[in-house]
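The values are calculated or read from the model by the stated rules, or taken from the named source; none is laboratory data. Being a predicted model, the structure only gives us computed values, none of them experimental. Quick reminder, even Gly has a Cβ in these numbers, built from the backbone with ideal geometry, and neighbours come from all protein chains shown. Accessible surface areas use protein heavy atoms only, side chains included; no ligands, DNA or RNA. Shrake-Rupley method; radii C 1.70, N 1.55, O 1.52, S 1.80 Å.
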Amino acid sequence: MSGTFVGMPAFPVAAREAVGDRTLRSNLRHATRTIRDKRARAVAELDDWAALREAGKQIKDHTLRHLDRYLVQVEETVTAAGGTVHWAADADEANEIVARLVEETGESEVVKVKSMATQEIALNEALEARGIHAYETDLAELIVQLGKDRPSHILVPAIHRNRGEIRDIFRSEMSEWGRPAPEGLTDTPAELAEAARLHLREKFLRAKVGVSGANFVVAETGTLVVVESEGNGRMCLTLPETLISVVGIEKIVPRWQDLEVFLQTLPRSSTAERMNPYTSMWTGTTDEDGPRAFHLVLLDNGRTDTLADEVGRQALRCIRCSACLNVCPVYERAGGHAYGSVYPGPIGAILSPQLRGTGSEIDASLPYASSLCGACYEVCPVAIDIPEVLVHLRERVVQGGPAVRDGNRVVLKPARGHAAERAAMRAAQWAFTHPGALRTGQRLASRTRRLHPRTLPGPGRAWSGSRDLPAVPAEPFRDWWQRTHGGKGGAK
Amino acid sequence: MSSRERVLGRVRRALADVPGDARPYEEAVARDYLREHGRRSVPETVDLLAENLADYRAIVHRCADGQLPELLTRLLAAHGSQSVAVPPGLPPNWLKAVDATRVQDRAASTPPELDRVDSVVTGCAVAVAETGTIVLDGSPDQGRRRITLVPDHHICVVRVPDQVVASVPQALERLDPARPLTWISGPSATSDIELDRVEGVHGPRTLEVVLLSGS
Ligand code: SF4
């Protein structure tokens with residue numbers, strides 16, 4: 001997988017720098033706290049949330065278990081509906097396919113709707129190298145692109161920027177790319193949104209090629225689904241003559257009916273809305289409505305390696321809602337950039353090291369970018385046990401063992417004296433100066449006792465190296481305290 | 001070996017040590033969740049739709065059949081619309097009293113032409129009360145997807161109670177996946193600046209929904 005931010009320091013180093021950046025910290029704290037509370041209210045409206053979550057998990061698990069069959073079915077149904085299906089084993093293949101398809105249209109510009117998969121494969125850079133300009137059209141992506149910046153959040157890639165910074169970027173950079181920012185632009189969000197509307201409209205109206213990802217692909221019907229808010233997605237999906245969608249192979253759901261689960265859980269988990277403003281669904285091409293040519297690029301790029309891991313494969317259930325980022329105490333302090341990948345936060349900490357392997361210092365340190373507090377698991381709408389996978393990946397980093405890389409079985413060597421150990425030490429220091437994180441870490445240690453070796457892996461190991469690890473009681477003290485004292489004074 | 005064979009081969013090898021799972025899809029997924037949330041009478045469901053539409057900043061009107069032409073004329077005038085896009089199958093009498101220039105939805109018109117059109121009036125396929133959503137499916141009274149996207153003002157007429165369902169599962173049952181579908185919940189919006197919702201980016205910044213009841 002490409003898309004490692006070049007020269008990225010390992011997580012602890014990057015995180016320490018970020019924690020010291022006060023603007024970043026306050027931007028993040030403000031944004032994640034706002035959305036956290038809203039999400040809790042949106043979820044509380046549905047009294048069958050637990051059942052929806054379980055169904056979402058089961059649908060995804062079933063699909064992954066029979067992924068070969070469903071992939072072939074997608075190929076059949078999309079083709080039957082007038083689309084063309086391409087297969088890409090890695091990022092280079094996917095980029096080559098997209099570049100070739102764009103070149104065949106004779107165009108040198110594409111409009112893009114935000115897509116994690118195309119960020120992961122660094123498609124924009126690959127297209128640029130072939131003389132094709134890709135314009136990001138999602139407001140946050142536009143802010144990132146204009147600011148020559150990196151995304152720091154799955155849903156809101158410019159979450160690290162406050163309104164004043166956004167205004168400054170618009171004022172100084174928009175004229176380089178097209179229509180300049182309006183005179184006297186202020187930092188009110190409505191004016192900033194208006195500036196983006198004006199800037200991008202000319203690009204939408206002349207666009208001949210659109211590039212997207214998809215939130216879901218329905219195997220039985222060949223339908224693709226894109227969930228969005230601004231309408232830039234609709235523009236990219238319907239105005240161009242050619243549409244190219246790059247989609248990870250884990251985005252498949254078997255049946256049309258399955259959307260009834262995810263269209264309820266995704267908006268409430270991500271933007272904390274009952275429903276996001278726009279959802280587009282299309283099946284192949286439609287006569288005289290929307291693109292005349294539709295291409296679906298099915299992307300592996302490390303997903304099958306992840307699928308081969310018994311514990312780690314659950315990460316492929318992820319629907320990229322970003323709820324786990326918004327509740328994560330480590331993310332809130334460190335910010336998205338510290339994760340060195342387009343997938344930040346708890347999901348990034350388990351996904352990147354699996355998609356890319358744990359060979360690099362940043363990827364080996366990612367499984368330690370957590371206090372194991374378990375908040376991510378509790379909010380995840382497809383019940384990914386992120387702490388379980390983190391512990392598993394820590395063991396793999398420290399103890400080595402069998403894994404699959406690029407489709408081949410390999411045996412990883414234990415990473416003795418590796419950066420991961422140093423990462424663990426720093427994580428331990430951080431935890432001891434942040435008692436809340438340690439407390440929740442201990443709480444989880446009890447709830448996941450079956451996962452624990454004699455010494456705790458990762459920061460746990462660093463902790464237990466310097467102090468005796470007490471026997472983990474059946475019921476954590478803090479749970480007992482919360483239960484028997486009604487949680488009074490039990491700060492959370 | 002083609003990339004297709006390589007990817008499929010990797011999937012099969014990745015799953016090789018997983019115990020066999022002969023359970024059909026129907027048994028693998030327990031659908032223990034609700035088909036709709038709460039019990040409501042038909043008028044209550046329509047009320048909930050109106051409430052949730054308004055909560056996400058759609059402007060809601062109610063009217064009886066005979067009053068629709070007059071209402072649409074008034075709404076378009078109030079918006080100052082000089083031109084209005086018209087899907088091919090919109091009932092002709094809906095816009096009979098309108099002064100604005102009618103722009104027919106044609107395959108040949110270009111996006112820049114459409115950008116000069118002020119408003120669009122459509123019907124819908126289904127509306128979802130619990131989420132405050134209207135769904136368009138490209139039927140003749142709704143037209144091509146772009147006519148409800150490029151103009152800045154969309155008036156959508158929902159026939160109540162026939163086109164209203166309570167929940168997302170009920171809406172999907174009514175829809176045909178082979179058609180291009182657009183689910184709309186309020187006007188265009190973004191949460192990209194400090195995670196605060198702001199209405200109005202690329203799609204229509206004004207969404208008006210008319211709940212039309214039979215006479
Ligand atoms: S891991 Fe779960 S909570 Fe996190 S982004 Fe994915 S689906 Fe959402």
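A few notes on this one:
- The ratio of the alpha-carbon radius of gyration of the range A:58-143 to the globular-protein estimate 2.2 N^0.38 Å is 1.29.
- About the centre of its Cα atoms, the range A:46-301 shows a dipole size close to 420 debye [charges on the beta carbon of Lys, Arg (+1) and Asp, Glu (-1) only; nearest 20 debye].
- Only the Cβ atoms of Lys and Arg (+1) and of Asp and Glu (-1) were treated as charged; on that basis the dipole of the protein assembly as shown about its Cα centre amounts to roughly 2520 debye.
- Shape analysis of the range B:102-181 yields a ratio of the Cα radius of gyration to the Kirkwood radius, Rg/Rh, of 1.00.
- The string of couplings for the range A:114-124 from the Karplus curve (6.51, -1.76, 1.60, θ = phi - 60°) is 2, 8, 5, 4, 6, 5, 4, 8, 6, 5, 4 Hz, one whole number per residue in order, with x for Gly and Pro.
- Chain B: calculated mean residue ellipticity at 222 nm from DSSP helix runs of at least 4, using -39500 (n - 2.57): -7000 deg cm²/dmol
- When all alpha carbon pairs of the range A:312-352 are counted in 5 Å bins from zero, the resulting P(r) reads 5, 27, 35, 23, 9, 1 %.
- Distribution of pairwise C-alpha distances over the range B:142-196, 10 Å bins, in %: 16, 42, 34, 8
- Computed over the range B:69-215: relative contact order in percent, which uses C-alpha pairs under 8 Å that are six or more apart: 23 percent
- Shielding by partners for peptide A:86-96, expressed as the average number of C-beta atoms from other protein chains within 10 Å of each residue's C-beta, is 3.
- Cα gyration tensor shape for the range B:40-213, rounded if a/c is under 1.5, else prolate or oblate: rounded
- Karplus 3J(HN,Hα) series, Hz, for the range B:49-64 with 6.51 cos²θ - 1.76 cosθ + 1.60 (x for Gly, Pro): 4, 4, 5, 6, 4, 5, 4, 9, 6, 7, 9, 9, 10, 10, 7, 8
- Shielding by other protein chains, A:61-74, mean Cβ within 10 Å: 4
- Sites listed here are trypsin sites (Lys or Arg not before Pro) in the range A:111-216 whose DSSP assignment is loop and whose Cβ has at most 13 other Cβ atoms within 10 Å: A:Lys148.
- Dipole axis of the range A:46-301 (+1 Lys, Arg; -1 Asp, Glu on Cβ), positive-most option in A:Ser115, A:Val227, A:Leu64: A:Val227
- Applying a threshold of 31 Å to the alpha-carbon distances of A:Lys114/A:Lys413; A:Lys57/A:Lys203; A:Lys208/A:Lys251; A:Lys203/B:Lys96; A:Lys148/A:Lys203; A:Lys60/A:Lys114 flags A:Lys114/A:Lys413; A:Lys57/A:Lys203; A:Lys203/B:Lys96 as lying beyond it.
- Cα-based radius of gyration of the range A:46-301 once divided by 2.2 N^0.38 Å, which approximates compact folds: 1.02
- On the beta carbon distance between B:Ser109 and B:Ser41, with R0 = 35 Å, the FRET formula returns roughly 0.20.
- Partners for A:Lys38 among lysines (Cα-Cα distance below 21 Å; same-chain residues under 8 apart left out): A:Lys492
- An ellipsoid equivalent to the range B:1-137, defined through the eigenvalues of its Cα gyration tensor, has semi-axes of 46, 27, 12 Å when rounded to whole angstrom and sorted largest first.
- Taking every protein chain into account, the 1.4 Å probe leaves A:Trp177 with about 80 Å² of accessible area, to the nearest ten.
- Most positive-pole-ward Cα, B:Pro91, B:Leu49, A:Ile143, against dipole of the protein assembly as shown from beta carbon charges: A:Ile143
- Whole-number Å³ per residue for the convex hull built on Cα positions in the protein assembly as shown: 158 Å³
- Solvent exposure ordering (accessible area, 1.4 Å, most first) of B:His79, B:His154, A:His392: B:His79, A:His392, B:His154
- Per-residue SASA entry for B:Glu26, accessible area with 1.4 Å probe, Å² rounded to 10: 110 Å²
- Counted charge near B:Val158, where neighbours are those whose Cβ lies closer than 12 Å (Asp, Glu -1; Lys, Arg +1): -1
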